[in-house]
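Before any comments, here is the structure.
Just so you know, all these numbers are worked out from the coordinates, no wet-lab data involved. Keep in mind that this is a model prediction, so the values were computed, not measured. Cβ coordinates were reconstructed from backbone atoms using ideal geometry, including for glycine residues, and neighbour counts include every protein chain displayed.
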Amino acid sequence: MKITPKVSIVIPVYNGSKYLRQTVNSVLAQDLAEFEVLIIDDGSTDDTAGIAIELKEKDNRIELFWEKNSGVSAARNFGLERARGEFVVFLDADDVLGADFLRSRVEALRVDSSAGVCGSLIGFIDENGERIDQSITLRAPTDKMLEEILFYKTGVATIPSNLVFRKQVLAANNILFDTRLHSSADRLSLCRVALVSKCISLPCQNIFYRVHGGSMYHGAGNVSKIFKDNELFITILISEHIVPEKLMGEFLKRNYYMLSGAAMKAGDYAASIRYAFKYGSATIKYLTK
């Protein structure tokens, strides 16, 4: 009979054979050993499956699942449904953890029962695993998480790999990763968490985000796709009443201004004009509020 783990580490992977072994080995080297690893192969066509099988043979805390390619959010949700731990991590298949990653976050969440998620400072590595100098210090959100995300506070990162979630908070509030979104899905999930809980931001640095050509946030990308994703993210925030009324004026002005510029970069000039008009209207409406 399997022992119930303290932490479930969900690793979605699509064609991640280059880095998966190093990522999983950084999990196996944790100084908190009561965890399970759920590797979700999201329809890979490279040697990901073979490496995953090799890793499972190395450690019986690893479970493997193969799914039709449906995107990272669907894979994370699939893993969450099967997670048995009190806490859960959504780890990207190319990031690397320091040895005290789990212990530091679990201990902080044990101490503060009002917190539903915990992260720390974030380091960066290149394709070869070498540290990259940072021009700005990045960290997890704090107990001001909603405002920090809504207003894109400098230095605040929403990288899921950095965070340990209290599973009960996610389950009790039906919080999943929204499969309609791409790069904004993690931000929306954290906004939903912020309505019912808070985040602890630790001063240590024991997570290393890998920057390479295939990274979601650092690849060449599709400007139009990013614009549409941000547009839908903002629409959902408004329709689900996630933005508090006292913050609505500033939220609309900042985000309509941002969307107008993003639409211009994407070559959607009609949308750029539309959001410029919305920005002006919001500025007038909330001028005296």
Positive-end residue of V156, I3, L20, charge dipole of the chain with Cβ unit charges = V156
So the FRET efficiency between L247 and Q168, C-beta based with R0 = 41 Å and rounded to 0.05, is 0.90
Charge dipole (debye, nearest 20) of the chain; +1 at Cβ of Lys and Arg, -1 at Cβ of Asp and Glu | 1080 debye
Can you list the lysines whose alpha carbon is less than 28 Å from that of K18, not counting same-chain residues fewer than 8 positions off?
-> K56, K58, K68, K225
Which value in nm describes the separation of the simple spin-label points at F277 and M258, placed 7 Å from the Cα toward the beta carbon?
-> 2.3 nm
Please give, to one decimal in nm, the separation of the simple spin-label points placed at V223 and E107, each 7 Å out from Cα toward the Cβ.
-> 4.8 nm
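Once you keep just the Cα pairs under 8 angstrom separated by 6 or more residues, what percentage relative contact order results for the chain? Could the numbers behind the result be given before it?
Numbers: 526 pairs, mean separation 50.2, N = 289.
Once divided by the residue count of the chain, the mean separation gives 17 percent.
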What is the antiparallel percent of DSSP beta bridges lying wholly in the range 7-210, to the nearest 5?
-> 30 percent
Would you mind checking the tilt of helix 269-285 against the longest principal axis of the Cα atoms of the chain, expressed as 0 to 90 degrees and rounded to 10?
-> 70 degrees
To the nearest 500 deg cm²/dmol, what mean residue ellipticity at 222 nm is calculated for the chain from DSSP H runs of n ≥ 4 alone, each contributing -39,500 (n - 2.57), summed and divided by the residues?
-> -13000 deg cm²/dmol
Starting from the Cα gyration tensor of the range 119-187, multiply each eigenvalue by 5, take the square root, and state the resulting semi-axes largest first in whole Å.
-> 24, 15, 13
Calculate, axis by axis, the spread of Cα positions in the range 30-189 along the three principal axes, and write the results as whole Å, longest axis first.
-> 42, 40, 35
From zero up to wherever the largest Cα-Cα distance of the range 220-278 sits, split into 10 Å bins and tell me the percent of pairs in each.
-> 24, 51, 22, 2
Stokes-Einstein D for the chain at 20 °C, 1.002 mPa s, Kirkwood Rh over Cα pairs, in µm²/s?
-> 108 µm²/s
Extension gain from R84 to Y152, taking 0.36 nm per residue of separation minus the Cα-Cα distance | 21.2 nm
Where nothing but the Cβ of Lys and Arg (+1) and of Asp and Glu (-1) is charged, how large is the charge dipole of the range 140-190 around its Cα centre, in debye to the nearest 20?
-> 100 debye
Taking GluC sites (Glu not before Pro) as exposed when DSSP calls them loop (any state but H, G, I, E, B) and at most 16 other Cβ atoms lie within 10 Å, what is the longest stretch of the chain free of them, the sites themselves excluded?
-> 131-239
Evaluate the relative contact order of the range 223-285 (contact order divided by residue number), counting alpha-carbon pairs under 8 angstrom at least 6 apart; express in whole percent.
-> 36 percent
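Grab the Cα-Cα distance for I132 and I53, subtract it from 0.36 nm times how many residues apart they are, and report the gain in nm with one decimal. If you can, show how the numbers build up before the last one.
Details: separation 79, 0.36 × 79 = 28.44 nm, distance 3.12 nm.
Full extension from I132 to I53 adds 25.3 nm.
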